[in-house]
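The values are calculated or read from the model by the stated rules, or taken from the named source; none is laboratory data. Quantities reported herein were computed from a predicted structural model and do not represent experimental measurements. Cβ placement follows ideal geometry from the backbone for every residue including glycine, while neighbour counts extend to all protein chains displayed. Heads up: the accessible areas ignore ligands, DNA and RNA and are worked out on the full protein's heavy atoms, side chains in. Shrake-Rupley method; radii C 1.70, N 1.55, O 1.52, S 1.80 Å.
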Amino acid sequence: MKKIAVFLVDDHEIFRNGLKQLINNEPDMEVAGEAATGEDAIEMLSKIAVDVIIMDIRMPGISGLDTGKSVLKDNSKARLLFFSLFDNPDYVLTALDMGASGYILKDTSNKIFLHAIRTVHNGQFYFIGDVTDTLVRKYHEQRHTSPESITAPLAETSLSKREQQIIRMIDQGVTNKEIAESLGISIRTIEAHRLNILRKFQVSTIEEAVENARAYSLLA
């Protein structure tokens with residue numbers, strides 16, 4: 001079985017060593033490289049292909065956000081997972097807009113960290129806990145304080161098949177737990193899909209998203 005190739009970017013060597021040991025102890029993943037700065041990460045990732053990039057936000061020199069934008073250009077197939085101390089809404093939104101697959105906080109458990117790697121590697125999104133709350137609050141604020149800046153919804157053309165499947169089930173009154181069990185994925189993954197649906201419809205509640213989906217005939 002091919003292992004998930006993980007690349008670590010963090011300026012704290014002790015922290016990187018801990019993550020490296022944790023990842024290398026798993027049978028299905030391994031650390032394929034590491035960097036202490038954004039500059040080093042950009043150079044190294046231009047020469048090797050990896051599956052998942054774990055990126056800190058605040059680093060000396062180029063920030064994690066700017067580094068993330070650059071490395072995704074050279075590693076279009078790689079999944080970017082931000083791993084940060086900060087749930088700053090601007091950081092989270094920027095990460096989402098640039099194409100990151102996930103954003104988790106450094107006080108999370110080892111189990112959740114490893115699950116996040118596997119989830120984004122499988123092509124899904126992973127935003128949890130305080131980060132999810134931060135995103136919802138930010139979108140809610142934008143919708144109510146700057147309505148003139150809201151453009152037409154993108155969801156009618158950009159909802160993935162999985163997202164369309166989930167919003168149909170939500171419209172039918174199926175709970176997150178029941179959806180997760182039916183589709184064989186985690187509740188956290190369902191939450192991430194719900195959040196992405198809100199983003200694409202540019203609304204703050206799932207009820208509004210369902211109404212818009214109905215208007216665009218996505219629930220047929």
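Odds and ends about this structure:
- Single residue of segment 83-121 satisfying the filter (within 16 Å of residue 191 (Cα to Cα) and open to solvent by 40 Å² or more (accessible area, probe 1.4 Å)) that is modelled with the highest pLDDT: 115
- Helices (runs of 4 or more DSSP H) within segment 153-220 that include 2 or more residues charged (D, E, K, R), at negative phi and at pLDDT 80 or above: 161-171, 176-183, 187-201, 206-215
- Being open to solvent by 50 Å² or more (accessible area, probe 1.4 Å) and outside any helix (DSSP H, G or I) is a condition met by no residue of segment 63-75.
- Once segment 50-62 is narrowed to residues that are in contact (Cβ under 8 Å) with a residue 60 or more places away in the chain and in a strand (DSSP E or B), the residue that is surrounded by the fewest Cβ atoms within 10 Å (Cβ to Cβ) is 52.
- Within segment 1-30, if we keep just the residues that are closer than 21 Å to residue 76 by Cβ and modelled with pLDDT of 95 or more, the residue that is surrounded by the fewest Cβ atoms within 10 Å (Cβ to Cβ) turns out to be 3.
- Of all residues in segment 165-209, those satisfying the criterion of being crowded, with 19+ Cβ neighbours inside 10 Å and more than 26 Å from residue 122 (Cβ to Cβ) are 202, 203.
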